[in-house]
Amino acid sequence: MAGEANLKERIRRGETRKSLARAGLIVATPDPTDGRSRKLALSEEGRALMVRMAPLMEALIAVGTEIDE
């Protein structure tokens, strides 16, 4: 069962990565030390989205903290 769960998680990560790349939010470059791997980074558009989302994330964290108290 653990192996099956790991496989499903790897598939979900791969689908998420592809979706973010298609949206132009991340860029993937080959890892210079391991040709099988890729390094992921936010694109300019991804960084801009993070800046725009910061106030919303801060508000959500504040609400979550209030609920926990």
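The values are calculated or read from the model by the stated rules, or taken from the named source; none is laboratory data. Note that the structure is a prediction, hence the values are computed from the model and not measured. Cβ atoms come from the backbone with ideal geometry, glycine included; neighbour counts cover every protein chain shown. With ligands, DNA and RNA removed, areas are computed over all heavy atoms of the protein, side chains included. Shrake-Rupley method; radii C 1.70, N 1.55, O 1.52, S 1.80 Å.
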In sequence order, calculated HN-Hα J values of the stretch 18-25 (Karplus, 6.51, -1.76, 1.60; Hz; x Gly/Pro): 5, 5, 5, 5, 4, 6, x, 8
With a 1.4 Å probe and every protein chain kept in, tell me what percent of the accessible surface of the chain is carbon plus sulfur. 59
Computed over the chain, the relative contact order (Cα-Cα under 8 Å, seq sep at least six) in percent reads 19
Add -39500 (n - 2.57) for each DSSP H run of 4 or more in the chain, then divide by its residues: what number comes out at 222 nm, to the nearest 500 deg cm²/dmol? -23500 deg cm²/dmol
Per residue, the convex hull volume that the Cα atoms of the chain enclose (Å³): 152
In Å², what does the accessible area per residue of the chain work out to with a 1.4 Å probe? 87
Of the options Ala54, Gly64, Gly3, report the single residue whose Cα projects farthest towards the positive end of the charge dipole of the chain (beta-carbon charges: Lys, Arg +1; Asp, Glu -1). Gly3
